[in-house]
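To keep things clear, I will list the structure first and then write my remarks on it.
The values are calculated or read from the model by the stated rules, or taken from the named source; none is laboratory data. Computed from a predicted model, the values in this text were never measured in an experiment. For accessibility, only protein heavy atoms count, side chains too; no ligands or nucleic acids. Shrake-Rupley method; radii C 1.70, N 1.55, O 1.52, S 1.80 Å.
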Amino acid sequence: MIKERENEGRTIVRRQKENPECLTRGCLEELQLKGLKKVSERVYHKVLFYKEAFRANGVKPEDIKNLPDLKRIPFTTREDLRARYPYGFLASPLSSLVRLHTSTGTTGKPKAVLFTQKDIDQAAQLITRSIKMTGAGPEDVFQNMMSYGLFTGGLIFHYGAERAGLLVIPGGAGNTERQIGLMRDFSTTILHLTPSYALYLAEVMERLGLNPRDDFDLRIFYLGAEPYSEATNRKIEEIFSVDAYDSYGLSEMNGPGVAFQCKQKEGMHLWEDNFIMEIIDPETLEVLREGEEGELVLSAINREAMPLLRYRTGDLTSIYPEPCRCGRIHRRISRIKGRVDDMFVLRGVNIFPSGVERVLMGLPEVGRNYQIILERKGGLDEMRVKVEVEKRFFRGSFQDLEKLQSDIKAKLKRELLVTPQVELVEPTTLPRTTGKAKRFIDNREI
Ligand code: ADP
Ligand code: ZN
């Protein structure tokens, strides 16, 4: 009993450190409202786009009196950012800027994101909080295998990990064999990388005659920057014998550290003292209820250089209606299903690549990579799925492989409602990546 109380006390102290301002939902919402009012005032006077947008909606910053008033502010889209590239969204003077990052450019021309020193510090602080939430600390050796440079996943995460007191190895993406050497020499315990790179890393380790489970001290992975399924997460945890945590962010909101999984690993806590979240129907733009799936919209209430309001992230998720068992007040979002524009239409059926991945990675016979190819044959659209087979199954009999092929076909048909062509290929034959994977190829126009 005493022990329990002690634990409870310790938990509260820890929470207070993580989130010094608030321990209750009411307090958090007060903080959000204060931030929203302040940021509305600032962008209205400093950013022409927002002055015009507020005016077009007949709203003034002083009309924002409660959190639901947020709905009166118009959305900001990626196209708005691109149209006002490079400095159009600046709310701080040029002389106060210390850093430029850009998005990767997965969905078109990259977007520029500018930072003041305070923005950098705040972004790093959220990473520190996220890292501590997963039980990592100064005794850990952290190898950051995300690309350094313009991409936020490198530098921003790096700063946060240093603040958490971890020993940081700025490995960057690529140079995999050298990085494996560093992992062995310095007993790396934590990696930050894309899920696709994690699967590729395992192959390189195996090629070098090393066992990813036993020949390393790895215990935690932070996975992010691209959509991946629960099944892929499990696969990576098993291959390396680690705890893998989902990490969500986007350049426009400081990069990584927007939402992060806690030890319960059910959804990701979105750091609501920095961001106000909404979920909208991407077609009707109507705000949806907790639990309903739609596009995530974020308002950054603490950013200095480029505070974006009601920014349409393009990412599909939903808000968990129930509080997390860990007790944190920040609400959770579910694993990102993909981007609104990832969806493709095949013979009138809407399909998300994440649906294909969920089926494939749930099968033990399936290896570590796949590719979805759309083609037009004789006026008809067809989907071909190339699937790498797990090494030990690939050596099996022809009949076994034939059975696997028809199994995959049937399972995909059940999930997607269209019948794809399934092509089994040898392990490690499809293109590998050290960053965000590109597994979807649309050849229909060729
Ligand atoms: P982009 O890829 O849009 O050019 P970024 O490099 O800023 O720009 O990447 C941010 C995007 O990456 C997010 O909007 C989201 O689509 C994707 N992403 C980031 N983290 C995750 C995650 N944990 N799960 C799924 N998707 C993610
Ligand atoms: Zn939690």
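A few notes on this one:
- Angle between the chain longest axis and helix 117-133 axis [Cα atoms, degrees, rounded to 10]: 50 degrees
- Accessible surface, 1.4 Å probe, highest first, among residues MET183, MET343: MET343, MET183
- Considering only ARG325, ARG339, ARG78, the mean-square fluctuation computed in a Gaussian network model of the chain, springs between alpha carbons under 10 angstrom, is largest for ARG325.
- Cα-based shape type of the range 199-286, given that a ≥ b ≥ c are square roots of the gyration tensor eigenvalues and the cut on a/c is 1.5: prolate
- Between the Cα long axis of helix 25-46 and the first principal axis of the chain there is an angle of about 80°, rounded to the nearest 10.
- Among SER95, SER187, SER299: highest mean-square fluctuation, GNM of the chain, C-alpha pairs under 10 Å: SER95
- Helix content alone sets the calculated 222 nm mean residue ellipticity of the chain: runs of n ≥ 4 DSSP H residues at -39500 (n - 2.57) each, divided across all residues, give -10500 deg cm²/dmol.
- Averaging the sequence gap over all C-alpha pairs within less than 8 Å and six or more residues apart, then dividing by the number of residues, gives the range 343-442 a relative contact order of 32 percent.
- Among GLY338, GLY379, GLY149: highest mean-square fluctuation, GNM of the chain, C-alpha pairs under 10 Å: GLY379
- The Rg/Rh ratio of the range 1-334, with Rg taken over Cα atoms and Rh as the Kirkwood radius over Cα pairs, comes to 0.98.
- Per-residue SASA remark: PHE151, around 40 Å² accessible (1.4 Å probe; ligands, DNA and RNA not included).
- Summary value for the chain: 13 percent relative contact order, contacts being C-alpha pairs under 8 angstrom separated by 6+ residues.
- Residues of the range 343-442: accessible area per residue with a 1.4 Å probe, Å²: 53 Å²
- Per residue value of the accessible surface for the range 163-295 (all protein chains in place, 1.4 Å probe), Å²: 36 Å²
- Here the chain exposes an accessible surface that is 50 percent carbon and sulfur, computed with a 1.4 Å probe and the other protein chains kept in place.
- Tensor-based shape of the range 215-256 (alpha-carbon gyration tensor, a/c under 1.5 rounded, otherwise prolate or oblate): oblate
- 0 to 90° range, to nearest 10: angle between helix 230-240 axis and the chain longest Cα axis: 70 degrees
- Gain in span if fully extended, ASP341 to VAL418, counting 0.36 nm per residue against the direct Cα distance: 25.8 nm
- Pairs exceeding 24 Å between alpha-carbon atoms, taken from LYS235/LYS438; LYS235/LYS436; LYS34/LYS132; LYS38/LYS71: LYS34/LYS132.
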